[in-house]
Amino acid sequence: MRRRQFLGGLIAGPWVASAAGETLVIRNAKILTVTRGSFDGAILIRDGKIVEAGPTVNTPAAARIIDAAGQFVMPGIIDCHSHIGTEAVNEGSVSVSSMTGIEDTVNPEDIGIYRALAGGVTTANILHGSANAIGGKNVVIKMRWGKNAAEILLAGAAPGIKFALGENPKRRGGGLGAQLRYPATRMGVEDVIRDAFSEAKAYKAAWDDYNLGAARGERRIPPRRDLRLEPLVEVLEGKRFVHAHCYRADEILMLLRVADDFGFKVRTLQHVLEGYKVAKEIKEHGAGASTFSDWWSYKMEAFDAIPYNAALMHRRGVLVSLNSDSSELMRHLNQEAAKTVRYGGLSDEEALALITINPAKQLAIDDRVGSIEPGKDADLVIYDKHPLSNYAKVQRVFIDGQLYFDRDQDMSERAGKAERRKTLHEKQKPVPARRPQ
Amino acid sequence: MKRRQLLLAAASAAAFGQSGSPDYFAIVNAAIHPVSGPAVGSGTLLVRNGLIEAVGANLPVPAGAWTIEGKGLHVYPGLIDALSHWGLPAARPSAAGGAGRRRTPDDGPANVQFPEEGGPEERPSNTSWLKASELVQPNDANLIAARNAGYATAVVFPSAGIFAGQGTALNLGGGRVGDMVVGGPAGLYLTMAAVRSSGAGFPGSLMGSFAYIRQIYLDARHYKLAKAMYAENPRGLPRPSYDRALEGVLEAPRILLPANRRVEMERMIHFAQELKVPYLLYGGVESWRSAGILKAANAPLLVSLRWPQRDREADPEAVDSLRTLETRELAPSGPSALEKAGVPFAFYSGGIERPADIRKAVRRAVDAGLSNEGALRAMTLHAARMYGLHDRLGSLEAGKIANLFVTDGDWLAEKTAVKMVFIDGRKWEPSAGRPE
C-alpha cells in the first residue's frame, strides 16, 4: 500500500494562532514526560511554555481546554540528522566545503516539513550531506510550518558542522566527465581533515600575530578573512559542534584520534553503524552517537550493522539517539524507537528518550525541548495510542504551544484542495492549435 | 491605416536632424500622459535639441518650432525595459562558462561570451569587469523591434555566470554606442546558477554560490583596504595584486539578485542586507504572496513579464502540484498586490522578444487588478527610479530627455498602434504594415 502523504496547506499557517499570554490546558491525557515518568493527568501551557504537568494542574478560568481523553501526549520528536527544509544538501565539488551553510538555503515551504510534523517531529538538525570529508554548517529548525525561513530556526542552538568518513567522501564525485577529486581512500580522508585543521591553526596564528602587531601600533595589512577556515577555528575553540557521518569502527577510531591530536571534541557520530564495537572508546571521548534502528547493507561499509547497536552503545553509557536521514523514515521515528525495545530490551522510557531528550542533549537544546517539564517549550505530540505501538497515529502537534498539525483538519481540507487542483488543471491546459480546414 | 493626421509644415532640410526630424518641434492637440502628474486631455509638448522644453494645456508654439498635429493621438514617456539582454551578442560556449551546464529560468538569454580565464587570481564564474556598453550591438534587431513598440530605453546586462557583469542604460536610438549610453554603470547582474557539476569545481551548489559571493565581497573589501593603505604609503607593505574581478565588484553601484519565489525574496533581502550593498531583486513570480515581506524591507523588485505557464510539450494528463497550479493562476496578480502595498516595482521583458507579447503580458497584470497608470509607471518612471535615472528619464517633464512614444489610442488597448517614437528628440516611425 502506498503511504498516504499529507498535503499541507499552500500558504498554511498554524491553525490555532495562540495570542500572546494565551493559556492552554491539555487534560485527561496519558502523559509520557520521558524524564519524569508517565501518568494520567494534564499539562498547563502559557506563552508557549509548559508551566505545569501532573495528575492535576491549576486550570485558570480563561484557559482553553483540550480534552485528550484516552490519548497519549509525548514531547515532540527530535531528529538529529535530516536534510529536509533546504534547497541544497551537498557542495560536493571540493573536499572541504566548510564555507557553505544550510542557513543560506533554508526552505520553510518544503512539504517535507509538514509531513515530518504530521509524524510528530517538532525539531530537526538539518545537516549538509556527506559528499566531502569536511562539509558545511548545519542549522537546527522547528517545524513551524507557514513561517518564514528566519522564523523556523531554533534560535540559540549551538552551531555545528558536518564531517564525513568512509565511502562517500572518497568517491571521486560527479560521474562521467567529472574531474577526479582527492581523496580516493580512507587514508586520504584522514589527510584532508588533518590538513584542513593544520591550515586552520596557521590561519588563527596569522590573525593572532596581526592583532598583536596592531596592538603594538604596527602598520600592517590585515590577513584576508577566509570563510572556509573560520568554522574550523571555531571547532578548535570548542564553539562549533562536529557531527561526523561514519560507519566502520576503524574510521570512528581514526576520527577520535585526529580530534585528540588537534584538541577538539566530536559532538556526535552520525549513523555509526559499527559503534557497538567501539562503544567504550566513544564513551571515553565523550561523543554522542546518532544511529539507525535497522537500516543497513545498502553498501559495503554498512554490512556489519546490527539492530542491537543503539541498545549496546546506550548500555555502555554513550548518549544515543535515533535519526532518520530520510524524509520518509522521519515520519515514523516513534516506530524506530520501538524496535529498540524488541532488539536490546530497552524500557519504553529509554526507547522514547532516543528520539526526544537524548537528541536534545546532543544538540545542547535540552534546556528548551526534549521532555515534558515545567519551563520547557510546549512542543507536544498527541497520539491516539501509545507512540511505541505500530497502530499509533499522530492526532495533533503543538510547537511553542501553537497547534501546527491537526489530523482532522487536514482530512477535512483534502476534498476542497483536490477540487481546486482539478479546476486549475483544466483551466491551464494549453488550447490545442487550430488546424486549417 | 485610418486618420493619419501628421502635418509637418513645409520644411527646409537644414532644420532636420539626422533621421529627418526637426530639432525644435511641438506636438499639439494631443492627449498627454506625463506619468509624473495628471494627464492633459489636449495639450502641447515642446521639444528642443533632444530635451523636453515644456508640457502643458495652453502652450503657445514658439516661432521657429515645427508643429506636429496630435489630434486623436496620445503621448507617453518612452518605455524602459528595466532589465534587458537585448542587443548583446549571443553566447559562445567556453570552458569558463561551465561546459554542460544547464540553463535556468533566471539566466535570461545566453548572450555573453566569456573571455578566457586564467592566471593565479582566477575567480570562476566572475566576469564583473564585463560592461554591457562595450558588448552591445547598436543596430540589433531586438532593439529595433522594441523601439517600434514604444521602448526608448533598455537597461542591458550581461547574463552569464554568477557575477555576470555590469549593466548600462541605453537609449535605443541606434548609431554610436557612445550616444546611446545614459548614466554610469547601472549595476552588477548576479545569478545563483551553480556553474559546475559536482566534483568539477567550486561552487557546485546553491549553498556554494552563497558562500562564494560572500567570500568575494570579503575579498573585495580587503583588496580595497590593502590598495588604500598601499596608496597612502607603500613603504614596507606588500604590493596588492591587481584583480579585475574585484575591481568590477567594487565599481558596481548596486547588485541585481534573482528572487522569484517568496522564500527567495526573503533570502535575498537578508543576503543583500548582510553584504551591505544596495540591491534590486529581479523575477517576482510569487509577488502575489510576498508583498508583506517586500514592504517590510522596502525592497525594490523588478517583475518579469514572462508569466509562468504550462509547458506546451507537457503530458496533457499529468497534473501539476496545487502549488504550481496556483502560482500560474495568480502570478499576474502580483503587481496589483505590490501596488496596493506600496512596494516599489518595475517591469522587465524577462526574455519575451515580441513586443506584442509584452503588451499582452502587461494586460494580464491589469486584468488581475493593477491600474493602467500603475502599469505605465512600472515601465517608465519607476523603472528609471530603480537606477537613479528618474532625474532625466521616465516622465514628460521640462528639462528631461525627450524620450516619448505616440499612439492612436490607449497604450494598452489591443488595437492601438504606435505611430511615432522619439528618442533623444529624434523621431522614429515603426515601419508601416509589417507585422511585429
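For segment A:373-424, the candidate set comprises residues that are closer than 24 Å to A:GLN335 by Cβ and among the hydroxyl-bearing types (Ser, Thr, Tyr); within that set, the residue that is nearest to the chain's Cα centre (by Cα) is A:TYR404.
Of A:LYS162, A:LYS147, A:LYS137, A:LYS142, all but one fail to be within 12 Å of another protein chain (Cβ to nearest Cβ), in contact (Cβ under 8 Å) with a residue 24 or more places away in the chain and touching a Leu at 6+ places or on another chain (Cβ under 7 Å); the exception is A:LYS162.
Out of all the residues in segment A:343-356, which are in contact (Cβ under 8 Å) with a residue 12 or more places away in the chain and surrounded by fewer than 24 Cβ atoms within 10 Å (Cβ to Cβ)? Working first, answer last.
Here is the first cut: in segment A:343-356, the residues in contact (Cβ under 8 Å) with a residue 12 or more places away in the chain are A:343-346, A:348-356.
Within segment A:343-356, A:TYR343, A:GLY344, A:GLY345, A:LEU346, A:ASP348, A:GLU349, A:GLU350 meet the criteria.
Is there a residue being within 28 Å of A:ALA311 (Cα to Cα) and among the polar types (S, T, N, Q) anywhere in segment A:252-269? Yes, there is a match, as at least one residue in segment A:252-269 is within 28 Å of A:ALA311 (Cα to Cα) and among the polar types (S, T, N, Q).
Would you check which residues across segment A:315-349 are part of a helix (DSSP H, G or I), touching a Leu at 6+ places or on another chain (Cβ under 7 Å) and not aliphatic (A, V, I, L, M) and list them?
Applying the first criterion (part of a helix (DSSP H, G or I)) to segment A:315-349 yields A:315, A:329-342, A:348-349.
From the residues that got through so far, the ones that are touching a Leu at 6+ places or on another chain (Cβ under 7 Å) too are A:333-334, A:336-338, A:340-341, A:348.
Within segment A:315-349, A:ASN334, A:GLU336, A:THR340, A:ASP348 qualify.
The rows are residues; the columns are (1) within 26 Å of B:SER209 (Cα to Cα); (2) away from every other protein chain (no Cβ under 13 Å); (3) surrounded by fewer than 22 Cβ atoms within 10 Å (Cβ to Cβ); (4) among the small types (Gly, Ala, Ser).
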| site | (1), (2), (3), (4) |
| --- | --- |
| B:LEU256 | yes, yes, no, no |
| B:GLU266 | yes, no, no, no |
| B:GLY284 | yes, yes, no, yes |
| B:LEU302 | yes, yes, no, no |
| B:PRO308 | yes, no, yes, no |
| B:ASP311 | no, no, yes, no |
| B:ALA318 | no, no, yes, yes |
| B:SER336 | no, yes, yes, yes |
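With the requirement that a residue be surrounded by 19 or more Cβ atoms within 10 Å (Cβ to Cβ) and either at positive phi or within 14 Å of chain A (Cβ to nearest Cβ) (or both), what does segment B:338-352 give you? Outline the logic, then answer.
Of all residues in segment B:338-352, those surrounded by 19 or more Cβ atoms within 10 Å (Cβ to Cβ) come to B:338-339, B:343, B:345-350.
B:GLY350, the sole residue that qualifies.
Of the residues B:GLY173, B:GLY187, B:GLY161, the single one that is modelled with pLDDT of 95 or more and not hydrophobic (A, V, I, L, M, F, W, C) is B:GLY187.
B:ALA211 passes every criterion in (1) at pLDDT below 95; (2) within 13 Å of chain A (Cβ to nearest Cβ); (3) outside any loop (DSSP other than H, G, I, E, B) apart from (1).
Could you check, for segment A:175-189, whether at least one of its residues is touching a Leu at 6+ places or on another chain (Cβ under 9 Å), within 14 Å of chain B (Cβ to nearest Cβ) and surrounded by 14 or more Cβ atoms within 10 Å (Cβ to Cβ)? Looking for residues that are touching a Leu at 6+ places or on another chain (Cβ under 9 Å), within 14 Å of chain B (Cβ to nearest Cβ) and surrounded by 14 or more Cβ atoms within 10 Å (Cβ to Cβ), one finds none in segment A:175-189, hence no. B:ILE293 meets the conditions (1) within 19 Å of A:ASN148 (Cα to Cα); (2) among the β-branched types (Val, Ile, Thr); (3) away from chain A (no Cβ under 12 Å) in every case but one. The failed one is (3). Just one of (1) assigned to a helix (DSSP H, G or I); (2) buried (at least 24 other Cβ atoms within 10 Å of the Cβ) fails for A:MET99. It is (1). Annotation: B:SER209 fulfils all but one of (1) in contact (Cβ under 8 Å) with a residue 40 or more places away in the chain; (2) touching a Lys or Arg at 6+ places or on another chain (Cβ under 9 Å); the unmet one is (2).
In the list A:PHE39, A:PHE72, which residue meets the criterion of being buried (at least 18 other Cβ atoms within 10 Å of the Cβ) and away from chain B (no Cβ under 14 Å)?
Values: A:PHE39 fails: buried (at least 18 other Cβ atoms within 10 Å of the Cβ).
The unique qualifying residue is A:PHE72.
Taken over segment B:323-334, the criterion of being facing another protein chain (nearest Cβ under 8 Å) and either buried (at least 20 other Cβ atoms within 10 Å of the Cβ) or part of a loop (DSSP other than H, G, I, E, B) (or both) is satisfied by B:LEU325 alone.
Does A:ALA196 qualify as being free of Cβ contacts under 8 Å to residues at least 24 places away in the same chain and assigned to a helix (DSSP H, G or I)? Considered against the rule, which asks whether it is free of Cβ contacts under 8 Å to residues at least 24 places away in the same chain and assigned to a helix (DSSP H, G or I), A:ALA196 comes out as no.
Considering A:LYS361, A:LYS417, A:LYS427, A:LYS385, the condition of being assigned to a helix (DSSP H, G or I) and either more than 14 Å from chain B (Cβ to nearest Cβ) or aliphatic (A, V, I, L, M) (or both) is satisfied by A:LYS361 alone.
Restricting attention to segment A:203-253, which residues are part of a loop (DSSP other than H, G, I, E, B), away from chain B (no Cβ under 14 Å) and on the phi < 0 side of the Ramachandran plot? Let's see the steps before the verdict.
Pass one, segment A:203-253, residues part of a loop (DSSP other than H, G, I, E, B): A:216-229, A:237-240, A:247-248.
If we keep only those that are away from chain B (no Cβ under 14 Å) as well, we get A:216, A:237-240, A:247-248.
Those that are part of a loop (DSSP other than H, G, I, E, B), away from chain B (no Cβ under 14 Å) and on the phi < 0 side of the Ramachandran plot: A:ARG216, A:GLU237, A:LYS239, A:ARG240, A:TYR247, A:ARG248.
When you look at B:VAL277, is it touching a residue at least 12 places away in the same chain (Cβ under 8 Å), part of a helix (DSSP H, G or I) and more than 10 Å from every other protein chain (Cβ to nearest Cβ), yes or no? Outline the logic, then answer.
Values: touching a residue at least 12 places away in the same chain (Cβ under 8 Å): yes; part of a helix (DSSP H, G or I): no; more than 10 Å from every other protein chain (Cβ to nearest Cβ): yes.
Answer is no for this residue.
Counting only residues that are outside any loop (DSSP other than H, G, I, E, B), farther than 23 Å from B:HIS85 by Cβ and either within 11 Å of chain A (Cβ to nearest Cβ) or among the β-branched types (Val, Ile, Thr) (or both), how many does segment B:229-254 have? So the answer is 3. Here's a check for you: in segment A:378-437, which residue that is in contact with a helix residue (DSSP H, G or I) (Cβ under 7 Å, 6 or more places away or on another chain) and of a type in the set (Val, Ile, Thr) is surrounded by the most Cβ atoms within 10 Å (Cβ to Cβ)? Ranking the candidates gives A:VAL397 first. Output the residue which, of all residues in segment A:102-128 that are buried (at least 24 other Cβ atoms within 10 Å of the Cβ), in contact (Cβ under 8 Å) with a residue 40 or more places away in the chain and in a loop (DSSP other than H, G, I, E, B), is farthest from the other protein chains (Cβ to nearest Cβ). Looking at the filtered set, the residue picked out is A:GLY120.
Annotation for segment B:175-184: at least one member residue is away from chain A (no Cβ under 12 Å), on the phi > 0 side of the Ramachandran plot, surrounded by fewer than 19 Cβ atoms within 10 Å (Cβ to Cβ) and of a type outside the set (A, V, I, L, M).
The values are calculated or read from the model by the stated rules, or taken from the named source; none is laboratory data. What you are looking at is a predicted structure, and each value in this text was computed from that prediction instead of being measured. As a convention, Cβ positions derive from the backbone with ideal geometry for all residues, glycine included, and neighbour counts pool all protein chains shown.
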